[in-house]
Each structure stands twice: as C-alpha cells, then as structure tokens.
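Okay, structure first, notes after.
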Amino acid sequence: MMNGSLYLFPGDPLQAPDTRAVLAALAELRLPGTLLSEAPRKQVFSAGEGFARHVVYAGCSPYLRFEPEGPHDRDFCHLALLGPYETPRLLTGENTVRPRCPHCRGRLPDWQQALHAARLPCPACGREVDDWAWDWRQHAARGRVFVELRNVFPGEASPSDQLLSRLQEQTGMAWSHAWAGMSPEP
C-alpha cells in the first residue's frame, strides 16, 4: 500500500509561486525542520516543531512518528517542497475518487486508464478537459508547486487556517489542499 500525503497548492493550478516565498511562509510557522535531501524541483525536510500545530489531525490521539526507523523508511511525518514544474501536474492515489466534469458534472469512469492523455473527454457532454481541471473533490492535487505533508492519509488531517492564510499572504495567491498518494521519489 502506498503512503498518503496531504498536499497544499495554489488554487489556480496554472500559477507557480516562487518556492523561496513558499519556504519562507513554512519556515515562519516552523513546519520544516532539517533539510533531508535536495534535488531539482524537490526539497525534503524533517517535520519541524510547528508541524503538529499546523497539520490538524482528526481524532483524539493520533500516533505520529517524526523520525525514520531506517534508511528507506518513509512512514514518518515529514514534508517536501515540489516544483515549480513547467505545466500543471496531477497527483493521485489509491483512494482517489472518480472526478466530475467541470462543465456538466458528469463522472469520469475508469479515470486511471484515461490519465495517459493530458486532456480527458467527458463521456456525458463530450468536452475535452485538462486532467487537472476536473473536479477531484480534494482527492487529487493539481498544480505546478506543491507542499507535500507526508504520511497523512485522506481525511486524517487538514492544514490549519493559519497555514493557508500565511501561504496566501506570502505568495499573493489563494491555496487549496487535497489528499493523494505520496510522491514516488524519496
């Protein structure tokens, strides 16, 4: 089973805020800890002391682990800053629901098989729609820049209002959130 992540991304998936501004907003709230790894378009951090304050978990006593148990362990809370990518990416997971057409609200059956194309035809109205433009109902992340909060399963936690507000203030754009599978790279 693939681990889940909570993704934060600009409400307009075509926008790509400066990742330095995004990181500054996160640092103000002390979400990132130590830099664990870095690659083009990807920085991975341990969870900082603000992680548990700004990732609001449902339930009375969630079990949260903030340290890996071995060199290949990814089942602990940490975060990644992904992007910017040239075009919007769509990130889905095992529990992704069937999306709805933004024009007619028709559902897209067998969406997993359709994702090989960037534009998906709606079976109800016939319009072709960019894969990221469908209504994924917070079960797929779409955008050019993402904050990935790792080891968070669908519906298990949400970002605090303060976190989304700080990202908006720092970048000048509204932010959304969704749950999807953890990005495949470490």
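Any read-out appearing in this document is the output of simple, stated calculations on the displayed coordinates, not a laboratory observation. Computed from a predicted model, the values in this text were never measured in an experiment. Reconstructed Cβ throughout: ideal geometry from the backbone, glycine too, with neighbour counts over all protein chains shown.
Data for the structure
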item: Neighbour-count ranking [beta-carbon atoms within 10 angstrom, fewest first] of CYS122, CYS104; result: CYS104, CYS122
item: Sparsely packed trypsin sites (Lys or Arg not before Pro) within region 83-169, loop by DSSP, other Cβ within 10 Å at most 13; result: ARG105, ARG137
item: Residues VAL145, VAL129, VAL55, sorted so that the one with the fewest Cβ neighbours within 10 Å comes first; result: VAL129, VAL55, VAL145
item: Long-range HN-HN contacts of LEU36 with modeled amide H, under 5 Å; result: VAL44, PHE45, SER46
item: Percent RCO, i.e. relative contact order, over region 1-153, from Cα pairs under 8 Å lying at least 6 residues apart; result: 35
item: Dipole magnitude of region 112-186, debye to nearest 20 (Cβ charges: Lys/Arg +1, Asp/Glu -1, about Cα centre); result: 100
item: Phi to ³J(HN,Hα) by Karplus 6.51 cos²θ - 1.76 cosθ + 1.60 over region 108-118, Hz, x for Gly, Pro; result: 9, x, 6, 5, 4, 6, 7, 5, 5, 9, 6
item: Size of charge dipole - the chain - debye, nearest 20, with Cβ of Lys, Arg +1 and Asp, Glu -1, no other charges; result: 460
item: Fewest-first sequence of HIS177, HIS78, HIS72, HIS103 by Cβ atoms within 10 Å of each Cβ; result: HIS72, HIS103, HIS177, HIS78
item: Dipole of region 1-151 [Lys/Arg +1, Asp/Glu -1 at C-beta], most positive-end residue of PRO10, VAL129, GLY93; result: VAL129
item: From the coordinates shown, log10 I(q)/I(0) by the Debye sum over Cα atoms at q = 0.08, 0.10, 0.20 Å⁻¹ corresponds to which of (i) -0.25, -0.39, -1.41; (ii) -0.28, -0.44, -1.52; (iii) -0.55, -0.69, -1.24; result: (i)
item: 3J(HN,Hα) from dihedral phi, region 50-59, Karplus parametrisation 6.51/-1.76/1.60, rounded to Hz, x for glycine, proline; result: x, 4, 5, 7, 10, 10, 8, 8, 7, x
item: Residue with peak Gaussian network fluctuation, the chain [Cα springs, cutoff 10 Å], from GLN170, GLN138, GLN112; result: GLN112
item: Gaussian network model of the chain, springs between alpha carbon atoms under 10 Å - residue of ASP130, ASP12, ASP73 with greatest fluctuation; result: ASP73
item: Longest exposed-site-free window of the chain, the sites being chymotrypsin sites (Phe, Trp or Tyr not before Pro) in a DSSP loop that have at most 13 other C-beta atoms within 10 Å; result: 86-186
